[in-house]
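A.B. asks: Input: one structure, supplied below.
The values are calculated or read from the model by the stated rules, or taken from the named source; none is laboratory data. Model, not experiment: these values are computed from the prediction. Note that we place each Cβ from the backbone using ideal geometry, even for glycine, and neighbour counts take in every protein chain shown.
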Amino acid sequence: MYSGPFETIEDFMARALHDPVRGYYARNIRSIGARGDFTTAPQLSEAPARAIAAWVARALRETKTRHVIEIGPGLGTLTAQVIQNLPFTTSFRTRFHLVESSPVLAEHQKSLFGKKVAHHMSILDALQSCSGEAVIFSNELVDAFPARVFRKNQRVWRELALDSLMKEVLLPPTELPPSSIFRIPFEENQTVEVHDAYRLWLESWLPQWTRGEMLTIDYGDIAERLYHRRPQGSLRAYLLHQHLHGAAVFENRGHQDITADVNFTDLVTWSQPWLSSSPSQSFADFIHAFSKSSDSHFVEAAAHFRVLIQKSAR
Ligand SMILES: C[S@@+](CC[C@H](N)C(=O)[O-])C[C@H]1O[C@@H](n2cnc3c(N)ncnc32)[C@H](O)[C@@H]1O
């Protein structure tokens, strides 16, 4: 781990997003939603929730589990819609668990759902309360993790950091995190992101998950397509529905969302010791398969989203 005079972009993102007092997710719950900085899928249409509810009902039936865990529910819009769209016979015998790391958002979720659902600060707590057996889903969770950023410089990948004036600096080459992205023959100066903190987080709890299926929804793509025509990478910020790139990403610490596209090839590889995965698919195909919806307005908006379905392999 780097410990020099500069701040890695990953450390900058970790503080900007998750500092318990000044972080973006601690500050202002209005930041997500129509009047906030960005909109997530459930604010645009109920089609995703209908499809997710159908998937949850099937996964509960097939894995013979009675617990559902949602990680990172945010304002709880998707949670409410999924619960509403579950068949009565399923919701009747199912216990819903929410895992939320932001204390402000956790309070908001408690005020919305009260004791109808169980609230947890960590996935390990949630798994413990259901003896490791649960169907799990998340929407736009992976991209809320800080990312390590690398640039190809004289044929060598070097990590990016920030100096005291918030200008980018290249760190000396070191060991790279295990990512499929480094196997792709990019041109000089290509910038890429790796959600290595998500990998470490997965490794901290997957061994405790003994039965169930998991659905991961986020924007991104498989490694081969992720940076097509994007030499500058995908790191960006959102402030009042504006997309910010370059130096503007590092301004207004804690007041704007910072994010990067998710590499679905990495999600599959990282969880291979514990999970079996179906090939990731487009969100539109998932919605069509599980809800037969033809909400064309939403399907267009969801074009950059992908879905990964995985099963605990024990
Ligand atoms: C972009 S929001 C997505 C909100 C919601 N899923 C939706 O679709 O509207 C990301 C959410 O993940 C939460 N989060 C980030 N890291 C987390 C972690 N390690 N454990 C639990 N929640 C986390 C954030 O606090 C926030 O609620």
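A.B. asks: Quick one: in the stretch 138-157, which of the residues that are surrounded by fewer than 22 Cβ atoms within 10 Å (Cβ to Cβ) and farther than 20 Å from residue 256 by Cβ is nearest to the ligand (Cβ to nearest atom)?
C.D. replies: Result: 138.
A.B. asks: Kindly indicate whether any position in the stretch 241-254 is within 16 Å of the ligand (Cβ to nearest atom) and touching a residue at least 40 places away in the same chain (Cβ under 8 Å). Give the derivation first.
C.D. replies: Taking the stretch 241-254 first, the residues within 16 Å of the ligand (Cβ to nearest atom) are 241, 243, 254.
Now restrict to residues that are touching a residue at least 40 places away in the same chain (Cβ under 8 Å): 241, 254.
The answer is yes; a qualifying residue exists.
A.B. asks: Oh, and also: Take residues that are at pLDDT 90 or above and tell me which of the strands (runs of 3 or more DSSP E) falling wholly in the stretch 222-302 contain 2 or more.
C.D. replies: Values: elements: 236-239, 242-244, 257-259, 275-277.
Hits in the stretch 222-302: 236-239, 257-259, 275-277.
A.B. asks: Report every pair of residues separated by at least 6 positions or lying on different chains whose Cβ atoms are under 6 Å apart, first residue within the stretch 162-180 and under 24 Å from residue 264 (Cβ atoms), second surrounded by 15 or more Cβ atoms within 10 Å (Cβ to Cβ) and hydroxyl-bearing (Ser, Thr, Tyr).
C.D. replies: The qualifying pairs are 180/265.
A.B. asks: Taking residue 233 as the residue in question, decide whether it is within 16 Å of the ligand (Cβ to nearest atom), over 17 Å from residue 99 (Cα atoms) and surrounded by 20 or more Cβ atoms within 10 Å (Cβ to Cβ).
C.D. replies: No; evaluated as a whole, the condition is false for this residue.
A.B. asks: Looking for whichever is surrounded by fewer than 21 Cβ atoms within 10 Å (Cβ to Cβ) and either on the phi < 0 side of the Ramachandran plot or not aliphatic (A, V, I, L, M) (or both) here; the options are 171, 160. Which one fits? Let's see the steps before the verdict.
C.D. replies: Details: 160 fails: surrounded by fewer than 21 Cβ atoms within 10 Å (Cβ to Cβ).
When all the criteria are applied, what remains is 171.
A.B. asks: Taking residue 106, is it outside any loop (DSSP other than H, G, I, E, B) and within 9 Å of the ligand (Cβ to nearest atom)? Outline the logic, then answer.
C.D. replies: Details: outside any loop (DSSP other than H, G, I, E, B): yes; within 9 Å of the ligand (Cβ to nearest atom): yes.
Yes, satisfied.
A.B. asks: Any residue at all in the stretch 121-131 that is part of a strand (DSSP E or B), more than 11 Å from the ligand (Cβ to nearest atom) and either in contact (Cβ under 8 Å) with a residue 24 or more places away in the chain or closer than 22 Å to residue 198 by Cβ (or both)?
C.D. replies: As a first pass, look at the stretch 121-131 and keep what is part of a strand (DSSP E or B): none.
No - not one qualifying residue is present in the stretch 121-131.
A.B. asks: Mind checking whether some residue in the stretch 193-212 is exposed (fewer than 14 other Cβ atoms within 10 Å of the Cβ) and of a type in the set (A, V, I, L, M)?
C.D. replies: Within the stretch 193-212, one or more residues are exposed (fewer than 14 other Cβ atoms within 10 Å of the Cβ) and of a type in the set (A, V, I, L, M).
A.B. asks: Residue 80: part of a helix (DSSP H, G or I), touching a strand residue (DSSP E or B) at 6+ places or on another chain (Cβ under 9 Å) and either at pLDDT 90 or above or buried (at least 19 other Cβ atoms within 10 Å of the Cβ) (or both), yes or no?
C.D. replies: Details: part of a helix (DSSP H, G or I): yes; touching a strand residue (DSSP E or B) at 6+ places or on another chain (Cβ under 9 Å): no; either at pLDDT 90 or above or buried (at least 19 other Cβ atoms within 10 Å of the Cβ) (or both): yes.
Here the answer is no, as residue 80 does not meet what is asked.
A.B. asks: Continuing with the same structure: List, please: which pairs have Cβ atoms under 6 Å, are six or more places apart or on different chains, and start with a residue in the stretch 182-208 that is within 18 Å of residue 231 (Cβ to Cβ) and end with one that is among the aliphatic types (A, V, I, L, M) and in a loop (DSSP other than H, G, I, E, B)?
C.D. replies: Every condition considered, the pairs that remain are 182/176; 193/147; 193/235; 193/260.
A.B. asks: Moving to a separate point now. Of (1) within 15 Å of the ligand (Cβ to nearest atom); (2) at pLDDT below 95; (3) surrounded by fewer than 19 Cβ atoms within 10 Å (Cβ to Cβ), residue 89 satisfies all except one. Which?
C.D. replies: For residue 89, the failing item is (1).
A.B. asks: Find the residue count for the stretch 148-196, including only residues that are in contact with a Ser or Thr (Cβ under 9 Å, 6 or more places away or on another chain), in a loop (DSSP other than H, G, I, E, B) and farther than 24 Å from residue 219 by Cα.
C.D. replies: Residues in the stretch 148-196 being in contact with a Ser or Thr (Cβ under 9 Å, 6 or more places away or on another chain), in a loop (DSSP other than H, G, I, E, B) and farther than 24 Å from residue 219 by Cα: 1 in total.
A.B. asks: Exactly one of (1) under 30 Å from residue 130 (Cα atoms); (2) without any contact (Cβ under 8 Å) to a residue 60 or more places away in the chain is unmet by residue 236. Its number?
C.D. replies: (1)
A.B. asks: When the residues of the stretch 109-119 are filtered to those that are touching a residue at least 12 places away in the same chain (Cβ under 8 Å) and more than 9 Å from the ligand (Cβ to nearest atom), which remaining residue is surrounded by the fewest Cβ atoms within 10 Å (Cβ to Cβ)?
C.D. replies: Residues of the stretch 109-119 that are touching a residue at least 12 places away in the same chain (Cβ under 8 Å), as a first pass: 109, 112-113, 116-119.
Next cut, more than 9 Å from the ligand (Cβ to nearest atom) only: 112-113, 116-119.
Working: 112: 16, 113: 18, 116: 9, 117: 20, 118: 17, 119: 18.
Per the criteria, the residue is 116.
A.B. asks: Give me a count of the residues in the stretch 67-86 that are free of Cβ contacts under 8 Å to residues at least 40 places away in the same chain and away from the ligand (no atom under 16 Å from the Cβ).
C.D. replies: 1
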